[in-house]
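The values are calculated or read from the model by the stated rules, or taken from the named source; none is laboratory data. The shown structure was predicted, so the numbers you read here are calculated from the model rather than taken from an experiment. Quick reminder, even Gly has a Cβ in these numbers, built from the backbone with ideal geometry, and neighbours come from all protein chains shown. Accessible surface is based on the protein model in full, side chains and every heavy atom, while ligands, DNA and RNA are left aside. Shrake-Rupley method; radii C 1.70, N 1.55, O 1.52, S 1.80 Å.
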Amino acid sequence: MFSFTAHPYPKSESFKEIFVSSLGAGAAVYLFLIIFQPFGTENFQHPYKFVLLFPYCIIFGTAFLMANLITSRFSNWNIGSELLKITFILCTGSILSYFYNSLFLSHVKLDIVNYFYMFLYTLAVGIPISIIYILSRYIYLKTIHEKKAHDISQHLPVSPPAQRQNLLKISAQNTELVMNKKDFLCVQSMENYCTFYFLENNSLKKALIRISLTNVLQQIETSSVKKCHRSYIVNLGRVKKLKGNAQGYKLVLPEIDFEIPVSRSFIPSVIPQLQQQHS
């Protein structure tokens, strides 16, 4: 159970995606209420019945919007985090719905028992919609990323493209590392240290230097040497395969025994460059 909740889950990052998702969430709640008319809604008679039910759409859409705007600033998002966010949305929506229903529709006094029923109603509506949202979004992102990764991988060369004998120089305190650009593979950041992966006489070498990834990027960034993740810089000219999943993409360099992730924020700068240099 705990291992399942620790599985990475792609969170919404752009305002456009968050806004559209919020509209969809609010519309889903509204359609559920007017189509199925659960929890006594069918017995609620009023000439403007559907108009009076519309604020529930606004309530849950707004709760969804605010929760996603807040969580868009967090990193290391996983399924457990997403479930907590959904729980927050449902709790917020149930509270606002309770006040709206008690004060404007039912005209009953505020009571904890009445709120408990509203909370149960909210769970009954919200849980199925939340499950559909989480699964459909995961499957959609996984499908489009896998397809795009496959299309790009089809055009990646078997051997690395010829590169001029450009030298990359990294200076940090009393340490200096020099290598040919064509032999450079990637840099992995770990706290205040960076591990450099490169080839020397066709053999994999590693060098650990006390330096920040930002400092490294300032010294070696080119059109093909790019930062692709908060912890990685990669030589796109050495990439042999691109993998896609719901979180985004992963770069495969056969010389190293791990895959390099591409953060969603770096996709617009990394993937088009990868397509361009191998087109």
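Below are the figures for this structure:
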quantity	calculated
Within segment 9-52, considering residues that are among the polar types (S, T, N, Q), over 23 Å from Ile134 (Cα atoms) and open to solvent by less than 80 Å² (accessible area, probe 1.4 Å), the one farthest from the chain's Cα centre (by Cα)	Thr41
Residue count, segment 197-215 (criterion: within 14 Å of Pro254 (Cβ to Cβ) and in contact (Cβ under 8 Å) with a residue 40 or more places away in the chain)	3
Leu65 vs. criteria more than 19 Å from Gly248 (Cβ to Cβ), under 19 Å from the mean Cα position of the chain (by Cα) and open to solvent by 20 Å² or more (accessible area, probe 1.4 Å)	yes
Conditions (1) in contact with a Gly (Cβ under 8 Å, 6 or more places away or on another chain); (2) in a loop (DSSP other than H, G, I, E, B): number failed by Gly61	(2)
Inter-residue pairs, beta-carbon under 6 Å, first assigned to a loop (DSSP other than H, G, I, E, B) and in segment 86-111, second open to solvent by less than 40 Å² (accessible area, probe 1.4 Å) and modelled with pLDDT of 90 or more, 6+ apart	Val108/Ser102; Leu110/Ser102
Boolean, Lys250 is in a strand (DSSP E or B) and of a type in the set (Lys, Arg)	yes
Single residue of segment 114-138 satisfying the filter (open to solvent by 50 Å² or more (accessible area, probe 1.4 Å) and of a type in the set (Val, Ile, Thr)) that is farthest from Ser94 (Cα to Cα)	Ile132
Flag for Glu13 being acidic (Asp, Glu), out of contact with any His (no Cβ under 8 Å at 6 or more places or on another chain), part of a helix (DSSP H, G or I) and at pLDDT below 90	no
Residues being over 12 Å from the mean Cα position of the chain (by Cα), in contact (Cβ under 8 Å) with a residue 60 or more places away in the chain and open to solvent by less than 50 Å² (accessible area, probe 1.4 Å) - total across segment 243-254	2
Residue match in segment 101-113 (condition: open to solvent by 80 Å² or more (accessible area, probe 1.4 Å), within 20 Å of the chain's Cα centre (by Cα) and of a type outside the set (S, T, N, Q))	no
Matching residues in segment 37-52 - criterion: being modelled with pLDDT under 90 and either touching a Lys or Arg at 6+ places or on another chain (Cβ under 7 Å) or of a type in the set (A, V, I, L, M, F, W, C) (or both)	Phe39, Phe44
